[in-house]
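Below is one structure, written out as structure tokens; the observations come after it.
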Protein chains: 2
Amino acid sequence: MKIYGEIDKVRAEVKAWKREGKTVGFVPTMGYLHEGHKSLIDAARRENDKVVVSIFVNPMQFGPNEDLASYPRDMEHDAKLCEDAGVDIIFHPEPEEMYDDGFCSYVDMNGLTTELCGKTRPIHFRGVQTVVLKLFHIVTPDRAYFGQKDAQQLAVIRRMVKDLNVDTKIIGCPIVREADGLAKSSRNTYLSPEERQAALVLSRSLKTGKNLVDQGETDASVIRAAITTELEKEPLAKIDYVDVVDFDTITPVQKLTGSVLVAIAVYIGKTRLIDNFIVEK
Amino acid sequence: MKIYGEIDKVRAEVKAWKREGKTVGFVPTMGYLHEGHKSLIDAARRENDKVVVSIFVNPMQFGPNEDLASYPRDMEHDAKLCEDAGVDIIFHPEPEEMYDDGFCSYVDMNGLTTELCGKTRPIHFRGVQTVVLKLFHIVTPDRAYFGQKDAQQLAVIRRMVKDLNVDTKIIGCPIVREADGLAKSSRNTYLSPEERQAALVLSRSLKTGKNLVDQGETDASVIRAAITTELEKEPLAKIDYVDVVDFDTITPVQKLTGSVLVAIAVYIGKTRLIDNFIVEK
């Protein structure tokens with residue numbers, strides 16, 4: 001496994017692979033890798049000849065009052081996880097390698113980015129789209145893997161790739177959870193033991209909503225209300241949003257039809273956590 | 001020569017070329033090809049194994065009161081010019097092939113697009129960047145050719161390609177002029193005989209400015225004033241802008257230093273024409 005900080009080195013090696021007709025799978029991450037990331041890497045490993053993982057805490061997708069400086073980092077652990085998982089290249093650039101002094105371009109969209117996380121994180125998805133497209137241009141993957149935990153991000157990237165004719169297949173992978181139900185997230189490390197226990201309310205409330213759906217409920221407001229009621233039982237939880245949206249367009253729906261995303265964001269203490277489930281009708 | 005309207009057909013043929021190790025040169029156009037375009041195609045023909053020309057009047061780069069509907073088209077003439085020039089593929093899509101119903105993505109930048117033509121055409125460069133990046137993803141050219149007549153466009157595309165790590169070399173080609181000095185443009189066809197004569201004031205005024213530079217003048221305001229005075233002598237001309245800017249950043253400069261763009265936009269009747277020269281100091 002190689003670890004490169006330079007764009008040119010990644011590009012040269014990928015080009016050599018492509019000349020040999022190899023396929024390339026790509027997993028873009030911000031590092032501090034957990035089993036959720038590993039499931040993406042495993043999928044990439046199964047479906048491609050070569051696997052590239054990027055580890056880059058992208059400044060452009062953090063707002064001024066967000067956790068860029070404190071975002072957890074552990075390159076030694078990440079390198080071992082990747083090595084064990086059969087990764088071929090880790091791309092781990094410094095911010096200056098990705099954004100030079102005159103940098104001023106961006107990729108964005110009208111729609112999909114205003115609801116859900118877009119309400120509290122207005123510049124977040126612009127930063128995500130821009131860095132993901134840059135990484136796609138550097139790695140030129142045949143397939144790229146994104147976790148369904150960041151469901152809005154997955155929808156945004158799918159739309160971007162379709163709109164801009166990017167020749168990469170986007171593959172969404174299921175949420176990986178702790179044994180007790182908490183969705184795996186690098187940000188779980190921020191939680192105190194008491195908050196860690198309180199955070200179970202996210203998956204518990206979604207289970208309540210999912211049970212209603214399984215029982216035939218199709219009214220989005222009923223599902224929202226049930227999830228909200230469950231979340232409000234937890235004193236340490238503060239709701240950011242509980243929403244039911246079309247998974248392709250990320251616009252609110254009244255009735256469950258087509259591909260529907262039921263998504264929540266909840267502050268547990270100062271830590272903002274997200275979780276969701278998808279209904280196919 | 002093949003003429004394709006479908007993205008998939010272009011992609012498949014280019015991929016076959018790439019597997020054989022062929023290089024691809026690309027000339028994106030809006031059609032109604034003239035000798036300016038031909039000079040780009042000729043350069044692409046000289047420097048690459050294969051040449052793709054796109055002909056697409058891109059709705060996204062026209063403002064609501066601009067000339068999208070009346071923009072001149074002549075596919076028969078264009079096809080012959082391309083065939084004679086040794087083009088391998090013309091990509092000539094319908095708008096629906098490029099923009100589907102849910103299309104909502106765009107590429108843009110902070111800076112470079114606000115001065116010069118950006119003042120009167122606020123959404124123009126967003127449309128240009130978006131369609132050019134889409135075309136780059138479809139054609140995956142090694143080299144792409146742009147005329148210096150659209151100097152701000154050339155600077156914007158160069159910046160976009162650098163910022164987003166697009167693996168295509170951008171090549172700017174000199175302005176091609178009529179024998180009497182008028183810069184070749186598809187929009188020249190809008191001019192009445194009287195306006196056609198009046199339009200000579202653009203190249204004449206720039207020549208006045210260039211003479212000052214050649215004589216050692218480095219004060220941008222002196223050069224602007226001389227060009228403006230010359231333009232004001234022509235009763236049919238109405239100045240949009242006369243500007244002296246850094247060619248990389250498209251921001252106004254006081255003194256000529258580095259790479260400097262002296263650019264003008266002038267209405268001759270209802271037709272808006274542009275012209276420029278570049279000074280390397």
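The values are calculated or read from the model by the stated rules, or taken from the named source; none is laboratory data. Just so it is clear, the structure is predicted and the values come from calculations on it, not from any experiment. All Cβ positions, even for glycine, are placed from backbone atoms using ideal geometry, and neighbour counts span all protein chains on display. Surface accessibility is based on the protein's heavy atoms, side chains included, excluding ligands, DNA and RNA. Shrake-Rupley method; radii C 1.70, N 1.55, O 1.52, S 1.80 Å.
Please compute the per residue accessible area over the protein assembly as shown with all protein chains in place, 1.4 Å probe, rounded to a whole number of Å².
Per residue, the protein assembly as shown has an accessible area of 43 Å².
To the nearest 100 Å², how much accessible surface do chains B and A cover up together, summed over both, with a 1.4 Å probe?
Buried area between the two chains comes out at roughly 2500 Å².
Identify all lysines with a Cα-Cα distance to A:LYS255 below 25 Å; exclude those on the same chain that are fewer than 8 residues away in sequence.
Answer for A:LYS255, where 25 Å is the Cα cut-off: A:LYS119, A:LYS149, A:LYS207, A:LYS210, A:LYS281, listed by chain and number.
Stretched out fully, how many nm does the piece from B:THR229 to B:LYS270 gain, at 0.36 nm a residue minus the Cα gap?
The B:THR229-B:LYS270 span can extend by a further 12.7 nm.
Roughly how many percent of the accessible protein surface of segment A:186-274 is carbon and sulfur, given a 1.4 Å probe and a whole-percent answer?
51
Aspartates and glutamates within cross-link reach of A:LYS2: Cα-Cα under 19 Å, excluding same-chain residues under 8 positions apart?
A:GLU13, A:GLU20, A:ASP42, A:ASP49, A:ASP74, A:GLU76, A:ASP78, A:GLU83, A:ASP84, A:ASP88, A:GLU94, A:GLU97
Provide a list, ordered by number, of residues in segment B:127-155 showing at least 30 Å² less accessible area with every protein chain present than when their chain is taken on its own, using a 1.4 Å probe.
Buried by 30 Å² or more upon assembly, which counts only protein chains, are B:LYS134, B:HIS137.
By what distance, in whole Å, do the Cα atoms of the protein assembly as shown stretch along each of the three principal axes, largest value first?
Here the spans come out as 80, 48, 46 Å, largest first.
What do you get for the angle between helix A:200-214 and the principal long axis of chain A? Use alpha-carbon atoms, 0 to 90 degrees, nearest ten.
The two axes meet at around 70 degrees.
Amide H to amide H, which residues 5 or more places from B:VAL51 or on other chains are under 5 Å from it, using H placed in the peptide plane?
Amide H neighbours of B:VAL51: B:GLY25, B:ASP88, B:ILE89.
Would you please calculate the Kirkwood hydrodynamic radius of segment A:186-274 over all C-alpha pairs and express it in Å, rounded to one decimal?
Hydrodynamic radius (Kirkwood, Cα pairs) of segment A:186-274 is 13.5 Å.
Enter the angle in degrees (range 0 to 90, nearest 10) between the Cα long axis of helix A:124-139 and the first principal axis of the Cα atoms of chain A, meaning the one along which they spread out most.
So the helix axis and the longest Cα principal axis differ by about 30 degrees.
Label segment A:2-173 by shape, choosing from rounded, prolate and oblate, from the square roots a ≥ b ≥ c of the eigenvalues of the Cα gyration tensor; if a/c is under 1.5 it is rounded, and otherwise prolate applies when a/b is larger than b/c, oblate when it is not.
Rounded, because the longest to shortest axis ratio a/c is under 1.5.
Calculate, for A:LYS207 and A:ASN65, the FRET efficiency according to 1/(1 + (r/R0)^6) with r their C-beta to C-beta distance and R0 41 Å; round to the nearest 0.05.
Once the sixth-power term is evaluated, E becomes 0.80.
Below 8 Å, C-alpha to C-alpha, sequence gap of six or more: please give me the relative contact order for chain B in percent.
Relative contact order here is 17 percent.
Specify which residue in the list A:ILE250, A:LEU33, B:ALA12 is farthest towards the positive end of the charge dipole of the protein assembly as shown, using unit charges on the beta carbon of Lys, Arg (+1) and Asp, Glu (-1), about the Cα centre.
Toward the positive end, the furthest listed residue is B:ALA12.
Angle between the Cα long axis of helix A:220-232 and the longest principal axis of chain A, 0 to 90 degrees, nearest 10?
90
Give the shape of segment B:141-223 as rounded, prolate or oblate, defined through the alpha-carbon gyration tensor: a ≥ b ≥ c are the square roots of its eigenvalues, a/c under 1.5 means rounded, and otherwise the shape is prolate if a/b is larger than b/c and oblate if not.
Oblate shape, in that a/c is at least 1.5 and b/c is the bigger or equal ratio.
Which percent of the accessible area of segment B:75-181 is formed by carbon and sulfur heavy atoms (probe 1.4 angstrom)?
Ligands and nucleic acids excluded, carbon and sulfur give 48 percent.
As an exercise, use a Förster radius of 25 Å and the Cβ-Cβ distance of A:LEU236 and A:ASP74 to find the FRET efficiency, rounded to the nearest 0.05.
After rounding to 0.05, the efficiency reads 0.40.
Which order do peptides B:64-72, B:273-281, A:152-160, A:109-117 fall in by mean Cβ count within 10 Å, highest first?
By packing density, highest mean first, the sequence is A:152-160, A:109-117, B:273-281, B:64-72.
What is the magnitude of the charge dipole of the protein assembly as shown about its Cα centre, with +1 placed on the Cβ of each Lys and Arg, -1 on the Cβ of each Asp and Glu, and no other charges, expressed in debye to the nearest 20?
Dipole magnitude for the protein assembly as shown comes out near 360 debye.
Dipole magnitude of segment B:186-274 about its Cα centre, charges +1 at Lys/Arg Cβ and -1 at Asp/Glu Cβ only, in debye to the nearest 20?
280
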